[in-house]
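See below for the structure under consideration.
All of the numbers you see were taken from the coordinates with simple rules; none came from a lab. Source: prediction; values computed, not measured. Here the Cβ is made from the backbone with ideal geometry for all residues, glycine too, and neighbour counts use every protein chain on show.
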Amino acid sequence: MIVRGKAGAAVEFGNTLFLAEQRQGLVVDWHLYQESAPADSRQFPGSLKRLQSWLPAAVLEAVRGDRGFDSKANRAHLAEAGLFNGLCPRGVAELQRRRHGARFGKIQRRRPQTEGRIGILKNDFLGRPLRAKGYEHRALGVSWSVLAHKLWVLARMERLAASAEQQREAA
């Protein structure tokens, strides 16, 4: 049981899934929590560490996230790593100040699409409902679903690139 405090449903049942995606919608990090998940701001350092362990330093330039990921410690992690801080600030005054920056605004514009990505993964790739019993089987089901989703996104990216190339040749 997960206490969410949302209108209409004070609690939810299941495991919490953390997803991180890149600009084109490719899931680059995920973690399925067996027990109650820590606050978003506490999930961030682990995700950043996983990303830095397999991505070349030149590829990872900026990190974005919603207000839940913003904290003094996370801002320090990003500064130490030399990454642009695209985390949405918790304070309204700081958000007003930062949103006028071109890079921050561009990065934050992409953020709302993550909710849709979660819906696609959950409804189209995991199955509705996920019929796996036990955490190990659910984690395996999520792993396969993330892999299938990655292949789907990569195939769409390739198809769009081929279509753009055909249009350039035709012009």
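Calculated from the alpha-carbon coordinates, the stretch 71-139 shows an Rg and a Dmax of 17.5, 48 Å respectively. With 30 Å as the limit, the listed pairs LYS72/LYS133; LYS106/LYS150; LYS72/LYS122 have LYS72/LYS133; LYS72/LYS122 beyond it between alpha carbons.
Highest mean first, what order results for 80-89, 162-171 on Cβ atoms within 10 Å? All intermediate terms of the calculation are to be shown ahead of the outcome.
Values: 80-89: 17.0, 162-171: 8.5.
Peptide ranking by packing, descending: 80-89, 162-171.
For the chain, the 222 nm mean residue ellipticity estimated from helices alone, with every DSSP H stretch of n ≥ 4 adding -39500 (n - 2.57) and the total spread over all residues, rounds to -16000 deg cm²/dmol.
What's the extension gain from LEU130 to GLU61 if we count 0.36 nm per residue and subtract their Cα-Cα distance?
Values: separation 69, 0.36 × 69 = 24.84 nm, distance 3.49 nm.
Between LEU130 and GLU61, full extension yields 21.4 nm more.
Counted over all Cα-Cα pairs of the stretch 34-158, pairs farther apart than 24 Å make up 41 percent. Distance between the 7 Å Cα→Cβ label points at GLN96 and ALA164: 3.8 nm.
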